[in-house]
1. Quick check: is even one residue across the stretch 214-226 modelled with pLDDT of 90 or more and either crowded, with 16+ Cβ neighbours inside 10 Å or not in a helix (DSSP H, G or I) (or both)?
2. In this structure, is Arg35 under 23 Å from the mean Cα position of the chain (by Cα), under 14 Å from Gly129 (Cα atoms), not hydroxyl-bearing (Ser, Thr, Tyr) and not in a loop (DSSP other than H, G, I, E, B)?
3. Could you identify the single residue in Lys72, Lys96, Lys121, Lys89 that is under 26 Å from Ala176 (Cβ atoms) and among the charged types (D, E, K, R)?
4. Answer with yes or no whether Glu21 is more than 23 Å from the chain's Cα centre (by Cα), within 23 Å of Lys89 (Cβ to Cβ), modelled with pLDDT under 90 and in a helix (DSSP H, G or I).
5. Please work out if Asn105 is open to solvent by 50 Å² or more (accessible area, probe 1.4 Å), modelled with pLDDT under 85 and more than 16 Å from Ile135 (Cα to Cα).
6. Filter the stretch 197-213 for residues that are farther than 17 Å from Lys175 by Cβ and surrounded by fewer than 18 Cβ atoms within 10 Å (Cβ to Cβ) and give the result.
7. Give the number of residues within the stretch 117-160 that are within 20 Å of Tyr16 (Cα to Cα), assigned to a helix (DSSP H, G or I) and not hydrophobic (A, V, I, L, M, F, W, C).
8. Just checking, how many residues over the stretch 38-86 are outside any loop (DSSP other than H, G, I, E, B), among the aliphatic types (A, V, I, L, M) and open to solvent by less than 40 Å² (accessible area, probe 1.4 Å)?
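The values are calculated or read from the model by the stated rules, or taken from the named source; none is laboratory data. Quick caveat: nothing in here was measured; it's all calculated off a predicted structure. Quick reminder, even Gly has a Cβ in these numbers, built from the backbone with ideal geometry, and neighbours come from all protein chains shown. The protein model used for the area step is the full one, side chains on, heavy atoms only, and it has no ligands, DNA or RNA in it. Shrake-Rupley method; radii C 1.70, N 1.55, O 1.52, S 1.80 Å.
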Amino acid sequence: MEYTEVPLERIIVGPYNLRGEKAAEQAAKSPSIERLSTSIFHEGLLHALGVIDNGDGTYTLVYGHRHYWAIKHHLEEAMPMVPVRIIPKSDADAVKAIRIALAENSSDLRKNLNPIALAEKLVALRDAGLTNREIADDVGFKQPGSVTDVIKLLQLEPEVQQALLAGKLSRSHGKALFPLIANREHQLQALQEIEKLDKQERSVRKAELIVQGIKTGSGWWHLPLKLPKAAKV
């Protein structure tokens, strides 16, 4: 990939802007964009904008729209030249295809798309240069940190990932296993204990208790359980 600087005025917001021109106008008035511009002013543009070189002196923006709007609406005089990453059109189209698929399915994404498949798509977007905030906006996550959590599922052991693929575990179950991510034996032990539970009992809370028990060496079934107030022992 080629990195360079180009005039801000030469950048075109084209078909890769999934939110349309109306969103651009709203972005100009957004407090978050103004805060972002302040951050860019003090720290610089930490992530280069992704663009296609149109060959006529103009560049079509592929990703980095929030950063572009922050500079365009608040820092145009201070940053007439901006750092960009020149990417081939074929790669840009692949990124666009993933983003469109995510955007069109964002409302049902967390229910219908397998956690591992989702993680792989998010990795592709991150590798292409999109920030966690941009990816979170596409997917419909409120917090950018959720992107990291999903991608982290790919660090789990293959057997655990297979359980996620098969629908035996949810994304939340996978996240519950993160404290064991450095220990293959403990992960597989936790997986085995979770799979012993009936589906009706396979809650995320019980998965967390299993993980806690394995980490402490006490066994999750030995951990104190909170009984209902009316319960008698």
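1. yes
2. The answer is no for Arg35.
3. Step by step, each of Lys72, Lys96, Lys121, Lys89 is checked, and only Lys121 is under 26 Å from Ala176 (Cβ atoms) and among the charged types (D, E, K, R).
4. yes
5. Here the answer is no, as Asn105 does not meet what is asked.
6. Those that are farther than 17 Å from Lys175 by Cβ and surrounded by fewer than 18 Cβ atoms within 10 Å (Cβ to Cβ): Leu197, Asp198, Lys199, Gln200, Glu201.
7. The qualifying residues number 8.
8. 11
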